[in-house]
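What follows is a single structure, written as structure tokens, with notes after it.
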Amino acid sequence: MQFANPQEARDFLAKHPEVRSIELMLIDAGGIPRGKLLHRDELLAMYENGRPLPSSILSLTIQGEDVEESGLVWEVADADCWTYPLPGSLCLQPWRAVPTGQVQVSMHPTQGLPATPGDPRHVLARTIDALKADGYHPVMAVELEFYLLDKARDANGRPQPAVQMNGVRPQAPQVYGVYELEQMQPFLDDLYAACEVQGLPVRTAISEYAPGQLELTLEHRFDALQAVDEGVRYKRLVKGVANRHGLQACFMAKPFGDQAGSGLHMHVSLADENGNNLMASDDPQGTPLLRHAIGGMMATLDDALAIFCPNANSFRRFQANSYAPLAKSWGVNNRTVSFRVPGGPAGSRHVEHRICGADANPYLAAAAILAGIHKGIREQIDPGPAIVGNGYEQARETLPTDWLTALRNLENSSWAREALGEDFLKVFLAIKWAEYRQFMGEVGEQDWRWYLNHA
């Protein structure tokens, strides 16, 4: 695990004398940023000596409540565990009313014990290292869909899409509508400007398949860990910019029962150490390596589904003819399947993993995807024939459609224990079972409010 050089802090403080506070954030198992607001006088010491955070910070439900069964609360006396800053993560939060910085931290491998095994970024780093040891360098990109909502609720107390510049609240999907993007221009202008300040490679904006739903793409990175770091920081930025505009950016998987869900699409290929795409092929179906990668992702999908779909709400996204997948299926240039090989030139050949909801933790989703790929390559798993045409009509082996089944599959998975780490899995499952019991016992299966402010 590489941490930042203290010179980064010295340079930042010298360049930004106006900054008085810096947001320190650590990403927990639920994908939620947790941390503190530091005074500028504390920043350099944190770079030089680390910053302690309580062990319980990695054992929280999405409601921010301790999960004692995780083993990171009372039995370890809620011990201080040292975190250190990640290289290149120190930047400005341009959406703040007062000049404020931001820095992302991760647990130190030894000084962060006993909390280190619960750090989801470590899980992904280990998975990447395992692939590199076999000569495969994962190249990734993150796509996140989200809704832009009013903070005010409708007459029934439910969320509603944000009013556009023209004073109209959108009602129709208007997918790919350029006029709809124009109506969101003040928000998008500030979002692009903030991404530029933070060095995030945000590119194309799309009006997605629902009123108020957007997607902005991030560039592929040869360093997969960097790609996911950027995805996590982008999500934090979108929420911050929306808040500055008096709006709410919602990354729930299915905030509206009658509208499209929001996905986290992960694009992945494998390269050699020089960056040459090992999946490149003139054949649209790619190389045997690409097909084995898909075979591995298909073979581990049931076991990993609770990672890709971590909440009860996540499973409401899976509906036929909704651009969300329903089965263990793959195809070329086909958005009705779970694993899509996009068209394009031979050198760009890769897989788009379309299972995850936008509420998934990108670190854990990427780790499970890459671990599945590694299994497929090692065992040369055949994914079967590619789907041609409507994958919804040809669904053979459908996905589990409920949270309970997914959690049980993950709990009983020997592959997950090996791929993600037994210590991490203990913490993660303790958290998810606590959330499951609380959700089912307190609010009932149909209540959406539980997730709205946390996704």
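From the phi of every residue in region 367-384, what ³J(HN,Hα) in whole Hz does the Karplus formula 6.51 cos²θ - 1.76 cosθ + 1.60 yield, where θ is phi - 60° and glycine or proline is x?
4, 5, 4, 5, 5, x, 4, 4, 4, x, 5, 4, 9, 6, 7, 8, x, x
Strictly over 25 Å apart at the Cα level, which of K132/K432; K235/K328; K132/K375; K235/K432; K235/K375 would you flag in this model?
Flagged as over cut-off: K132/K432; K235/K328; K235/K375.
Within a Cβ distance under 12 Å of F428, other residues only, what is the Lys/Arg minus Asp/Glu net charge?
-4
Identify, among W330, A45, N277, the residue whose Cα sits farthest towards the positive end of the charge dipole of the chain, taking +1 on the Cβ of Lys and Arg and -1 on the Cβ of Asp and Glu, with the dipole about the Cα centre.
Positive-end residue among those listed: W330.
Could you calculate the contour length gain from L37 to D134, that is, 0.36 nm times the residue separation minus the distance between their Cα atoms, to one decimal place in nm?
Values: separation 97, 0.36 × 97 = 34.92 nm, distance 4.09 nm.
Extra length available between L37 and D134 comes to 30.8 nm.
In nm, what is the difference between 0.36 nm times the number of residues separating E196 and V163 and their Cα-Cα distance? Please list the in-between numbers first.
Values: separation 33, 0.36 × 33 = 11.88 nm, distance 2.60 nm.
In short, 9.3 nm is gained.
Using the basic label-point model (7 angstrom from Cα toward the beta carbon), what is the R153 to N5 distance in nanometres?
It works out to 5.2 nm between the two label points.
Say the dipole of region 108-199 comes from +1 at the beta carbon of Lys and Arg and -1 at that of Asp and Glu; which of G118, V163, M140 then lies farthest toward its positive end?
Positive-end residue among those listed: G118.
May I ask you to give the solvent-accessible area per residue for the chain, in square angstrom, as obtained with a 1.4 angstrom probe?
On the way: 17770 Å² over 455 residues.
Normalised by residue count, the accessible surface of the chain is 39 Å².
In whole Å, how far is the Cα centre of region 16-69 from that of region 89-155?
12 Å
Would you work out which of Q63, A360, V178 lies farthest towards the positive end of the dipole of the chain, given +1 charges on the beta-carbon of Lys and Arg and -1 on that of Asp and Glu, about the Cα centre?
Most positive-ward Cα: V178.
Using a cut-off of 9 Å between beta-carbons, work out the net charge of the residues near E215 (Lys and Arg +1, Asp and Glu -1, E215 not included).
Result for the local shell: -3.
So who's got an amide H within less than 5 Å of the one on V341, skipping anything under 5 residues away but keeping other chains? H placed 1.01 Å off N, in plane.
G331, V332, N333, N334, E352
Give the long-range amide H neighbours of M279: residues separated by 5 or more places, or on another chain, with amide H under 5 Å away, using H modelled in the peptide plane at 1.01 Å from N.
Placed amide hydrogens put L270 under 5 Å from M279.
With θ set to phi - 60° and the Karplus curve 6.51 cos²θ - 1.76 cosθ + 1.60, what are the ³J(HN,Hα) couplings of region 37-49 in order, to the nearest whole Hz, using x for Gly and Pro?
For region 37-49, the Karplus-derived couplings read 10, 8, 7, 4, 5, 8, 5, 4, 4, 5, 5, 7, 10 Hz, x marking Gly and Pro.
Amide H to amide H under 5 Å from R169: which residues, 5+ apart in sequence or cross-chain, H placed 1.01 Å off N in plane?
Result for R169 returns Q164.
Explain nothing, just compute: Karplus ³J(HN,Hα) = 6.51 cos²θ - 1.76 cosθ + 1.60, θ = phi - 60°, for every residue of region 284-297 in order, whole Hz, x for Gly and Pro.
x, 7, x, 7, x, 4, 4, 5, 5, 4, 5, x, x, 5
At 7 Å along the Cα-to-beta-carbon direction for both Q438 and L404, put a label point, then send me their distance in nm to one decimal.
The modelled label-to-label distance comes out at 2.0 nm.
If packing is taken as the mean number of other Cβ atoms within 10 Å per residue, what is the order of 95-108, 354-367, highest first?
In decreasing order of mean packing, 95-108, 354-367 become 354-367, 95-108.
Of all the accessible heavy-atom surface of the chain, with the other protein chains kept in place and a 1.4 Å probe, what percent is carbon and sulfur? Let's see the in-between values first.
Working: 8420 of 17770 Å².
Carbon with sulfur: 47 percent of the solvent-accessible area.
The values are calculated or read from the model by the stated rules, or taken from the named source; none is laboratory data. Because the structure is predicted, anything quoted here is derived from the model rather than measured. Cβ atoms come from the backbone with ideal geometry, glycine included; neighbour counts cover every protein chain shown. Side chains included, ligands, DNA and RNA excluded: accessible areas come from the protein's heavy atoms. Shrake-Rupley method; radii C 1.70, N 1.55, O 1.52, S 1.80 Å.
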